[in-house]
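Let me begin by presenting the structure, written as structure tokens, before commenting on it.
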Amino acid sequence: HGANDVGNAVGPLAAILATPAEGPVALAPAVPPTAMLCGAGAFVVGILTLGERTISTVGSKITTLTPHRSFATQTGAAVAVLSSSACGLPVSTSHCLVGAVVGVSLAEKLCGVPNTGLDLTVLSKIVVGWVVTIPLAAAVAAAAFVLLSWLTCPHRPYNEGGEILHNATARGE
């Protein structure tokens with residue numbers, strides 16, 4: 001997994017766990033061990049349930065990977081993830097890996113290596129998935145926020161910064 005994957009998964013959980021005890025969440029809430037264990041458990045479940053499908057798609061459906069191609073792909077993905085993380089850029093390991101597979105295939109084609117075809121049907125499904133993911137995640141997150149806000153604080157007004165006004169402030173005291 002990438003340098004940001006655990007943080008992306010566990011960070012929001014840590015913020016949720018910190019909110020009832022501490023009120024508004026600090027920029028860097030303390031991450032309790034239970035959140036780390038939940039994150040690790042979720043990664044294990046994900047790898048066990050969907051890992052084989054992902055490996056099959058990247059390793060043989062986009063294009064056939066040989067040991068040499070696999071080494072170059074892993075090297076390219078690792079450098080992309082680590083470089084991006086060092087620059088503070090959030091990246092997807094899966095996106096980097098797919099990009100590396102495509103890069104190796106294109107490099108081989110430019111060098112005249114036979115049988116380096118990319119399955120454009122599989123690749124186009126992956127790209128459509130990437131394009132759909134961001135607006136879909138935004139819509140689901142917005143719906144969850146509105147629902148949870150309504151359930152947990154239906155009568156609390158917000159200030160212009162989006163912070164919940166405390167009772168005294170809301171009453172004008």
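The values are calculated or read from the model by the stated rules, or taken from the named source; none is laboratory data. Given the structure is predicted, the values throughout are model-derived calculations rather than measurements. FYI the Cβ positions are ideal-geometry reconstructions off the backbone, even for glycines, and counts take in every protein chain you see. With ligands, DNA and RNA removed, areas are computed over all heavy atoms of the protein, side chains included. Shrake-Rupley method; radii C 1.70, N 1.55, O 1.52, S 1.80 Å.
Exactly one of these conditions fails for Val91: (1) β-branched (Val, Ile, Thr); (2) modelled with pLDDT under 85; (3) open to solvent by 90 Å² or more (accessible area, probe 1.4 Å). Give me its number.
Condition (3) is where Val91 drops out.
On the given criteria, is Ala80 open to solvent by 40 Å² or more (accessible area, probe 1.4 Å), of a type in the set (Gly, Ala, Ser) and part of a helix (DSSP H, G or I)?
It is false that Ala80 is open to solvent by 40 Å² or more (accessible area, probe 1.4 Å), of a type in the set (Gly, Ala, Ser) and part of a helix (DSSP H, G or I).
For residues in the range 1-20 being part of a helix (DSSP H, G or I) and open to solvent by 90 Å² or more (accessible area, probe 1.4 Å), which is modelled with the highest pLDDT? Write out each step before concluding.
As a first pass, look at the range 1-20 and keep what is part of a helix (DSSP H, G or I): 5-20.
Subset that is open to solvent by 90 Å² or more (accessible area, probe 1.4 Å): 8, 16, 20.
Details: Asn8: 71, Ile16: 74, Pro20: 62.
Checked the range 1-20; the qualifying residue modelled with the highest pLDDT is Ile16.
Can you list residue pairs whose Cβ atoms sit under 9 Å apart, with the first residue in the range 66-92 being touching a residue at least 60 places away in the same chain (Cβ under 8 Å) and farther than 18 Å from Leu118 by Cα and the second being acidic (Asp, Glu) and surrounded by 14 or more Cβ atoms within 10 Å (Cβ to Cβ)? Count only pairs 6 or more apart in sequence or on different chains.
Within 9 Å, the pairs are Ser92/Asp5.
What pairs can you find where one residue is in the range 110-133 and surrounded by 10 or more Cβ atoms within 10 Å (Cβ to Cβ), the other is small (Gly, Ala, Ser), and their Cβ atoms are less than 8 Å apart, with a gap of 6+ or different chains?
Thr116/Ser105; Gly117/Ser105; Leu118/Ser105
Tally time: how many residues in the range 21-35 are over 20 Å from the mean Cα position of the chain (by Cα), under 23 Å from Pro90 (Cα atoms) and at pLDDT below 70?
2
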